[in-house]
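The values are calculated or read from the model by the stated rules, or taken from the named source; none is laboratory data. A quick note: this is a predicted structure, and the numbers were derived from the prediction, not measured. We place every Cβ from the backbone using ideal geometry, glycine too, and count neighbours over all the protein chains shown. Protein only, heavy atoms only, side chains kept; ligands, DNA and RNA dropped before computing areas. Shrake-Rupley method; radii C 1.70, N 1.55, O 1.52, S 1.80 Å.
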Amino acid sequence: AKTPMRVAVTGAAGQIGYSLLFRIANGDMLGKDQPVILQLLEIADEKAQKALKGVMMEIDDCAFPLLAGMTAHSDPMTAFKDADFALLVGARPRGPGMERKDLLEANAQIFTVQGKALDAVASRNVKVLVVGNPANTNAYIAMKSAPSLPAKNFTAMLRLDHNRALSQVAAKTGKPVSSIEKLAVWGNHSPTMYADYRFATIDGASVKDMINDDAWNRDTFLPTVGKRGAAIIEARGLSSAASAANAAIDHMHDWHIGTNGKWTTMGIPSDGSYGIPQDTMFGFPVTVENGEYKIVQGLAIDEFSQERINLTLKELTEEREGVAHLLKA
Ligand code: NAX
């Protein structure tokens, strides 16, 4: 039998946690032959810790054959100890009257502390996924706070946007989601993200030619994908949770297992590709092999796409500048 892998999850008693943990313990993330140990972090607050205990009771009651251990934590230094994977889901939500700047700063503090803790105690090969918003900038901060870990170990979740784009393209073309290849989402996990089906194919045929409607792309597709989170809050009264958990599972699964030559989207520190400044945590089309992602190179960027990429990059640059003073301290 395989040695158990340690999976740390923050915000474990939250909405996304409630969908995510059961799927990890069920083997959906690392494979049906891979035992896991869950190391769950919540804030020290008594109510949160009690809620976490309740979730753990339910996980116990599933009697998952792959679950080799499970611990509750309020300190990232113990929660991240020897972690092979870290899913940073917990974040500070925007409170009433809170400015974007305050939100960025509150989260910058959380992700500085967690980045330092990962740096100190996690496996040197830890694969980190930041889900908590603003996800790209939080991932950037954690990465910068963990100088002894390779920068490439830090990623941000764009997979929900990617999956949303897939399902919109499937609906528009009337083809199954599973037949769509070479789709990608560029940039920030925010309404500025640029979902790009210019290179996508279905059974080898060009999706762009099949749809052949630039107005639909600009006026329907991009706003639908970009504002999907808001549409779900409006409909459900709560933000997306099961679909977010599913995307986190997909992201980590593909990073660990590989994509078999197929494209997916990950938010990763830029290596300068496509003119995105080094270290910017940016959604790129990637393939994954042997646990290493690689940016798909050589894609033509037309004028419309360049404008979109510039817009989402500008937002990320502003977020990064907004927290720069905290990283120097
Ligand atoms: P919830 O508010 O239900 O849960 C968050 C949990 O995190 C709470 O239990 C809270 O106590 C905990 N928490 C807060 N600060 C913490 C800290 N410093 N250490 C450990 N735990 C901490 O939110 P939920 O709906 O689960 O969403 C979690 C995050 O995901 C939010 O920031 C949300 O904006 C973000 N999302 C990101 C998405 C993406 O695609 N990247 C999509 C879904 C989601 O909106």
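Whether any residue in the stretch 4-21 is away from the ligand (no atom under 16 Å from the Cβ), open to solvent by less than 70 Å² (accessible area, probe 1.4 Å) and either modelled with pLDDT under 95 or not in a strand (DSSP E or B) (or both) is what I want to check. Break it down into steps so the answer makes sense when it comes.
If we filter the stretch 4-21 for residues that are away from the ligand (no atom under 16 Å from the Cβ), which is where we start, we get 4-6.
Keeping just the survivors that are open to solvent by less than 70 Å² (accessible area, probe 1.4 Å) gives 4-5.
Narrowing the set further to residues that are either modelled with pLDDT under 95 or not in a strand (DSSP E or B) (or both) leaves 4.
Scanning the stretch 4-21, I find at least one residue that is away from the ligand (no atom under 16 Å from the Cβ), open to solvent by less than 70 Å² (accessible area, probe 1.4 Å) and either modelled with pLDDT under 95 or not in a strand (DSSP E or B) (or both), so the answer is yes.
Please go through the stretch 66-124 and give me each residue that is over 21 Å from the mean Cα position of the chain (by Cα), within 12 Å of the ligand (Cβ to nearest atom) and buried (at least 18 other Cβ atoms within 10 Å of the Cβ), ordered by number.
Ala72, His73
Can you name every residue in the stretch 241-262 that is on the phi < 0 side of the Ramachandran plot, part of a loop (DSSP other than H, G, I, E, B) and either touching a Ser or Thr at 6+ places or on another chain (Cβ under 6 Å) or open to solvent by less than 20 Å² (accessible area, probe 1.4 Å) (or both)?
Ala241, Thr259
For the list (1) more than 26 Å from Arg308 (Cα to Cα); (2) assigned to a helix (DSSP H, G or I), I need the number of the one condition that Leu238 fails.
Failed condition: (2).
Count, please, the residues in the stretch 165-207 that happen to be open to solvent by 50 Å² or more (accessible area, probe 1.4 Å), outside any helix (DSSP H, G or I) and more than 21 Å from Phe304 (Cβ to Cβ).
The total comes to 6.
Within the stretch 267-274, identify whether any single residue is within 15 Å of the ligand (Cβ to nearest atom) and not acidic (Asp, Glu), and answer yes or no.
yes
Scan the stretch 213-229 and tell me whether some residue there is over 17 Å from Val169 (Cα atoms) and more than 10 Å from the ligand (Cβ to nearest atom).
no
Across the stretch 242-266, what is the total count of residues that are under 22 Å from Tyr194 (Cα atoms) and within 12 Å of the ligand (Cβ to nearest atom)?
10
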